[in-house]
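In what follows, a single structure is set out as C-alpha cells and then discussed.
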Amino acid sequence: MNSSFEAFREAVADERRRRSVLWREGRPWHVLSSLQFERGDLTHLFQTADRLRTIEAEPNGATRLLGLLAGRRVVNLFGQPSTRTCESFVAAEEKLGASARVLSDLKATSFSKGESVEDGVRTLACFYDLIVARHPDDDFALRASWALDRSERPVPVISAGSGRSEHPTQALLDIYTLHHRWRGEVDGRRIHLVGDIGRNRAARSFAHLLTRFSGISLDITCHPDWAPEPAFVATLRAGGVEVAFHDRLEPALDRGPDAIYLTRLQQEWDQAPAELGTDERYVLREELRERIPSTCLILHPLPRVNELPESWEDHPGLAIWHQVRNGVWVRAALLTWIFGLTA
Ligand code: NCD
C-alpha cells in the first residue's frame, strides 16, 4: 500500500472505507476505532469472550488456552500511565500463551532521541507479532498502523488509548458488560454519560459504539468547557442515537436511565491542574440515591477520583469491577480473532 498518511487517515475516518484498511480476510487487523466494529462483529467478539472464559473454567481449560497464542510475541507500548488496560492486555496475552513484553518508559527508548514513530514501530515489528500502543498523541497508533502497512513486515496495532480521541478496547469491554448484565438486550436503552466527554477517550469510544444499537437515548451531563465537539455529536445522531445535553445530574437522572457511565475529569491535559477531582454537580452524591433504582447500572472506565464515591459499592447496579474483569476476556477474544484462531 503506497497511500499517504493523510489518505490513510481519511480512509479510517470514512464509514464506507474504514473496513478496507483496518480489516483483513474478514478479521480485524489494526484496532484503532470503536466505529470499526459493526453489530455482528460485536456479537462474534462477545461469543468468543464467553467461550474463552468457559474454557478456562473447564478441567485443563487454562492449559488449553495457553496453546492458542503459543510462540507469539506481543509488545505493549504504554507511553501514558495505565493499570487496568496494560495489565489486562498482559493477562490476556499470557492466558493465551503469548509472551507479553511491556515498554512503559518511553524515555528509555530511542523515541526520546527523536526517532520517528515509523522507525520505532518498524523496529518493534522485527521482534514482535503485534503491537499494543497507548500514547498521548491522538495519531500515534494510526501512524504506526500506516507505517507498518507499507513495510515489509506488517504486524497489527491495537490502540490501548489514543490521546483524547479513542480507546476502542475499553468501549468493547463496556458494551460487553452491558450486554451481559442486560442479557443481550441493549437496544432501546437510555444511557446517561457524565463528565469530561470532550477529552475522555473511553467515553467517546463508548458513545460511538452505541450507534451500533437501535433506539438508544443518550443524556450527556457535562460542564460546557468539557463538551464534545459538534462533529462528535453529529456522528452519534447520524448513527441514530438521540442525544440531549444537561449541566447537572438531576434532570438526566429524572429521565430514568438504564445505565449511568461516569468519567474522571481529564486533568492531565490542563496546563496548571487545580486540585484533583470534579465539582459537586458531576459527582454521584449520596443524596441522589433515591433517584437511582437498583436496576440502574453504574459504570466507570476507572480510575475514579471523587466522581463515584466508594459508598456506591453496595448498589446492586454497580458494574465497575465486572468491567475490569470483562476487559481481560474481551481483549483475549480480540487477540484470537486478529490471529485467526478458534478456541
Ligand atoms: C481511561 C483512559 O486511560 O483513557 N482509563 C482506562 O483505560 N480504563 C479513562 C481515564 O483515564 O480516565
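Anything in the range 72-90 that is away from the ligand (no atom under 14 Å from the Cβ), open to solvent by 30 Å² or more (accessible area, probe 1.4 Å) and either touching a residue at least 60 places away in the same chain (Cβ under 8 Å) or of a type in the set (Val, Ile, Thr) (or both)? List them, or say none.
Scanning the range 72-90 gives a single hit, Arg72.
Filter the range 106-136 down to the residues that are in contact (Cβ under 8 Å) with a residue 40 or more places away in the chain and either among the aliphatic types (A, V, I, L, M) or not in a helix (DSSP H, G or I) (or both) and list them by number.
Within the range 106-136, Leu124, Tyr128, Asp129, Leu130, Ile131, Val132, Ala133, Arg134, His135, Pro136 meet the criteria.
For the range 91-105, how many residues meet the condition of being open to solvent by 20 Å² or more (accessible area, probe 1.4 Å), touching a strand residue (DSSP E or B) at 6+ places or on another chain (Cβ under 7 Å), over 21 Å from Leu32 (Cα atoms) and touching a residue at least 24 places away in the same chain (Cβ under 8 Å)?
1
Can you pull out the residues in the range 246-302 that are assigned to a loop (DSSP other than H, G, I, E, B), modelled with pLDDT under 95 and in contact with a Lys or Arg (Cβ under 8 Å, 6 or more places away or on another chain)?
Asp247, Arg248, Arg264, Gln266, Thr278 - these are the residues of the range 246-302 that are assigned to a loop (DSSP other than H, G, I, E, B), modelled with pLDDT under 95 and in contact with a Lys or Arg (Cβ under 8 Å, 6 or more places away or on another chain).
Identify all residues within the range 184-205 that are closer than 13 Å to Pro257 by Cα, touching a residue at least 60 places away in the same chain (Cβ under 8 Å) and open to solvent by less than 30 Å² (accessible area, probe 1.4 Å); write none if there are none.
Ile191, His192, Leu193, Val194
Is at least one residue of the range 201-208 out of contact with any helix residue (DSSP H, G or I) (no Cβ under 7 Å at 6 or more places or on another chain), away from the ligand (no atom under 15 Å from the Cβ) and aliphatic (A, V, I, L, M)?
no
Residue pairs, Cβ under 8 Å, 6 or more apart or interchain, first in the range 17-37 and more than 20 Å from Ser3 (Cα to Cα), second open to solvent by 60 Å² or more (accessible area, probe 1.4 Å) and not in a helix (DSSP H, G or I). List them.
Leu35/Glu15
Counting residues that are closer than 22 Å to Ala252 by Cα, which strands (runs of 3 or more DSSP E) fully inside the range 156-224 reach at least 3?
Result: 190-194, 217-221.
Answer yes if at least one residue in the range 322-333 is among the aliphatic types (A, V, I, L, M), more than 15 Å from the ligand (Cβ to nearest atom) and in a helix (DSSP H, G or I), and no otherwise.
Yes, the range 322-333 has at least one match.
Being within 16 Å of the ligand (Cβ to nearest atom), in a helix (DSSP H, G or I) and β-branched (Val, Ile, Thr), is that true of even one residue in the range 36-44?
Among the residues of the range 36-44, not one is within 16 Å of the ligand (Cβ to nearest atom), in a helix (DSSP H, G or I) and β-branched (Val, Ile, Thr), which makes the answer no.
Of everything in the range 119-174, what is more than 13 Å from the ligand (Cβ to nearest atom), among the polar types (S, T, N, Q) and either open to solvent by 10 Å² or more (accessible area, probe 1.4 Å) or farther than 17 Å from Leu335 by Cβ (or both)? Give them in sequence order.
Selection gives Thr123, Ser151.
Being within 19 Å of Leu178 (Cα to Cα) and open to solvent by 60 Å² or more (accessible area, probe 1.4 Å) is the filter here, so list the residues in the range 304-343 that pass it.
Glu313, Asp314, Pro316, Trp321, His322, Arg325
Would you mind telling me which numbered condition in (1) exposed (fewer than 14 other Cβ atoms within 10 Å of the Cβ); (2) of a type in the set (A, V, I, L, M, F, W, C); (3) over 23 Å from the mean Cα position of the chain (by Cα) Leu253 fails?
(1)
Please tell me if Arg16 is basic (Lys, Arg) and not in a helix (DSSP H, G or I).
Judged against the criteria, Arg16 is a match.
The values are calculated or read from the model by the stated rules, or taken from the named source; none is laboratory data. Just so we're clear, the structure is a prediction, and the values are computed from it rather than from any experiment. Positions of Cβ are backbone-derived with ideal geometry, glycine not excepted, and every protein chain shown enters the neighbour counts. Calculation scope for accessible area: heavy atoms of the full protein, side chains included, ligands and nucleic acids excluded. Shrake-Rupley method; radii C 1.70, N 1.55, O 1.52, S 1.80 Å.
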